[in-house]
1. Which residues' amide hydrogens lie under 5 Å from the amide hydrogen of residue 313, considering only partners 5 or more residues apart or on another chain, with H built in the peptide plane?
2. What order do you get for 76, 332 when you list them from fewest to most C-beta neighbours inside 10 Å?
3. Cβ under 13 Å from residue 370's Cβ, residue 370 left aside: what net charge do those residues give with Lys, Arg +1 and Asp, Glu -1?
4. Which far-off residues, 5 or more places away or on another chain, put their amide H under 5 Å from the one on residue 326, with H placed in the peptide plane?
5. Taking the Cα centre of the chain as origin, sum charge times position over the Cβ atoms of Lys and Arg (+1) and Asp and Glu (-1), and report the length of that vector in debye to the nearest 20.
6. Rounded to the nearest 0.05, what FRET efficiency do residue 328 and residue 25 have when you use their Cβ-Cβ distance and R0 = 30 Å?
7. May I ask you to evaluate 6.51 cos²θ - 1.76 cosθ + 1.60, the Karplus curve with θ = phi - 60°, for each residue of the stretch 209-221 and list the ³J(HN,Hα) values in order in whole Hz, giving x for glycine and proline?
8. Are there trypsin sites (Lys or Arg not before Pro) in the stretch 61-150 that DSSP puts in a loop and that have at most 14 other Cβ atoms within 10 Å, and which ones?
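No lab work stands behind these numbers, since they all come straight from the coordinates. Note that this is a predicted model, so its numbers are computed, not measured. Note: ideal-geometry Cβ built from the backbone for every residue, glycine included; neighbour counts use all protein chains shown.
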Amino acid sequence: MKSFRFIIRIFPVILAGILLLSPARVRTPLQFPDILGYRTLKCDFHMHTVFSDGNVWPTVRAEEAWRNGLDAIAITDHIEYQPHKADVNPDHNRSFDIARPDGEKLGITMIKGSEITRKMPPGHLNAIFIRDASLLAKDTWREALAEAVKQDAFIFWNHPGWKGQQPDGVARWYPEHTELFEQGNLHGIEVVNEREYYPEAHRWSIEYNLTMLSNSDVHDPVFMDYDPDHGDHRAYTLVFATDNSVEAIREALFDRRTVVVLNNLMAGAEPWLQAIFKNSVQVKNSTLIISAGESVYLQVHNTTAVDYALVRADTIDGFEFPHEVILYGGKTVLIKIKRIAKEIPEQLQISLPFRVSNLKVTPDESLFVEFPLTIIPASE
Ligand SMILES: [Zn+2]
Ligand SMILES: [Zn+2]
């Protein structure tokens, strides 16, 4: 009896111990709505392991992707740069082959890729959806890319403004890129790499119809560089695909169905951004009863992982509403609306116009959105 009471007494201590010792194998979801008949997949198509200059074993990349809320990844070790090759098998297919079963067990779509690593121009290019990475080891970049094309790869230009190759951080388009583009062998471009957004790359993606990508290019364990529990995520690309198969993701990339995300910055074509915004923002009370000279609150909920920074795009006669509003991700925010007008019709339709300053349609233009409202005068 005495020992039973002792166990009861120390039970909370045992429980706390178990909880503290449990490894945190937890997935933090990245919430985005499915749009326009497609599934919205969160993807990172650029990262490294010990099989090139990364500092993690390939299976770690698979579980990190799961924990970080991603749906698909490509491990893209360098072909031409393998600083660990005295310690690690230099076979270019090994990192994918090792990571794949772990990724698939967790429901992560695993895509085979490599980074063709040359000096600028043309710089570094990723070839993904390849069959045999070893065949990309060639003397010249032209031969390496010809082999990637032969393997039906999706080819994109990595970190065009990387200071390692462009010391002023400004991306430049060289004749070599024109050559690749005119041959039909440049399909996408990193508008975001790691924590950098390249406005020039954004412009070229529009001018040349290249798929926009946002990738982490992570080399160390993700937890060393990011803190997703506190809203700091690695860069990722939203891909609008019919399903999460390798083939559907490939088709979506060739069809340019992407939006890039870097924490609270999103960039993409207007219809995608508009659909994401419309499907993730809910106005809880779009009919408002207001007396002259009084204010009421509009309740607006944002279901995504991104904060939307609204800036008033115009004024409305007879009403006042804030110049700036932040719709915090996962939260409901109040927007104060004041009726100045003395006389208004029985049912007045108005629309609050805003620009979402962190949702970029082009490098210089942010997404225009409206909140349609019905105003009813309070009976006095
Ligand atoms: Zn690179
Ligand atoms: Zn890289």
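1. Close amide H contacts, sequence-distant or interchain: 354, 355.
2. Ascending number of Cβ neighbours within 10 Å: 332, 76.
3. Counting the neighbours of residue 370, the net charge comes to +2.
4. It is 310, by chain and number.
5. Approximately 1400 debye in magnitude.
6. Efficiency for this residue pair is about 0.60.
7. 6, 9, 5, 7, 10, 9, 9, 7, 6, 6, 10, 8, x
8. Loop-located and lightly packed - 85, 119, 131.
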